[in-house]
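Shown next, in structure tokens, is the structure this report addresses.
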Amino acid sequence: EFEKVPMTVANFVGLAEGKFTVDDSIVYSKPFYDGLKFHRVIADFMIQGGDPLGTGSGGPDHRFHDEFDASLTHSGPGILSMANSGPHTNGSQFFITHKETPWLDGKHSIFGRVVSGQDVVNAIAQNDEMTTVRIIRKGKVAKKWNATAEFAAVRSKILEKEAAEAAQFELISTMSQEEYSEYMFQEVLKTEPTAQKTASGLVYVIQDEGGPVKPVKGNGLTVHYKGTFRASGEQFDASYDRGQPMAFSYLEQRMIPGFEEGLAMLGKGGKIKLIIPYYSAYGAQGRPGKIPPYSDLVFELHMLDMKPPVQVEQHEHNEHDGHNHDH
């Protein structure tokens, strides 16, 4: 999958061929995987190898970022994917699945699949060795493909983006909430000229106010939503994708402040677009693994139903990305 996840493929190919340089200083000049063991084998799950120590704690002298493509999923046996110890900790360890493992999607970078020989994968036992790992390049594009150059090209873009984000974080951290509120509002007006701002800094565009009655504490609300990051437009959550709206007791099952404030403007059937400044969302720290620091969030809401307040028992319930459901 060198066209979909070039950095991850470049890492594997470069290490396997022993012709790979990272950051102009880390040089791999011999086949990395030859003779290594499959140090971890779990029946009806996967086989894992690529650790020179053979313990699961080893790897090469570099690490690299996760790389995902929506079309690549752990959809069945024979999926080739990177093992890691957390976000952006990829090295040399990889695994091959025995079966579908959808819970690994978005956590482990897929870069290939078994096209023949799955029976061999299924027969591999713990501590079996990889005698040799050979890369077969088919076609003119593949034969000209340079692992070191491809890895460096993708990696440099990621590092540039991170540097720009760090500079933006530094700028934001020097602003008061009032200053940032006005800054964000002016940015939003460039694309949403009819947007309005509340005293808290919440920016909104009402598409349909809905019915005349607005929610109060305890109302049972049913809401469809789509959540994206203001800076990138990337979606992080949507009830529409699950085909199931979110049902909750307003101001009893708590959400992030900006979300609650926006809902107060709608009646049944209403639609609104909220642009929530970071301090009314997940703050300067963000939500590790889900929401980056200083993230302004955009929510498109549709209030499908509003029921009278009822007594709600305290209970556990599903967590939706982008919302704080703590009681």
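Derivation of every value follows stated rules applied to the coordinates shown; laboratory data play no part. Given the structure is predicted, the values throughout are model-derived calculations rather than measurements. We place every Cβ from the backbone using ideal geometry, glycine too, and count neighbours over all the protein chains shown.
Before moving on, here are some points about what is shown:
- For segment 39-112 and segment 238-273, distance of Cα centres in Å: 37 Å
- The distance between label points at GLU209 and LYS307 comes to 2.7 nm (points 7 Å beyond Cα on the Cα→Cβ vector).
- Of the residues ALA264, ALA281, GLN207, the one whose Cα sits farthest towards the positive end of the charge dipole of the chain is GLN207 (charges of +1 on Lys and Arg Cβ, -1 on Asp and Glu Cβ, taken about the Cα centre).
- Computed over the chain: relative contact order in percent, which uses C-alpha pairs under 8 Å that are six or more apart: 14 percent
- For the chain, the equivalent ellipsoid derived from the alpha-carbon gyration tensor has semi-axes of 46, 24, 16 Å in decreasing order.
- Gain upon complete extension [ILE158, GLU252; 0.36 nm per residue less C-alpha separation]: 29.8 nm
- Comparing GLY112, SER81, THR194 along the charge dipole axis of the chain, the residue lying farthest to the positive side is GLY112, per the Cβ-charge model.
- Cross-link pairs LYS107/LYS273; LYS161/LYS197; LYS226/LYS268; LYS19/LYS157; LYS19/LYS138; LYS4/LYS138 - those with Cα-Cα distance over 20 Å: LYS107/LYS273; LYS161/LYS197; LYS19/LYS157
- Legend: helices of the chain (whole DSSP H runs) are marked when their alpha-carbon atoms reach 15 angstrom or more along the helix axis and their mean Kyte-Doolittle hydropathy is at least 0.0; marked are 6-17, 147-173.
- Geometric descriptor of segment 110-242, per residue, is 315 Å³ (volume of the convex hull of the Cα atoms).
- Segment LYS190-PHE229, length gained on full extension (0.36 nm per residue, minus Cα span): 12.4 nm
- Amide N of segment 35-71 lying under 11 Å from the label point, which is placed 7 angstrom from the Cα of GLU129 along Cα→Cβ: 35-37
- The simple spin-label model puts a point 7 Å past each Cα toward its Cβ; for THR174 and ASP24 those points are separated by 2.9 nm.
- Once each of the GluC sites (Glu not before Pro) sitting in a DSSP loop with at most 11 other beta-carbon atoms within 10 Å is removed, the chain keeps 4-233 as its longest stretch.
- Ordered by the count of other Cβ atoms within 10 Å of each Cβ, fewest first, SER109, SER232, SER176, SER249 give SER176, SER232, SER249, SER109.
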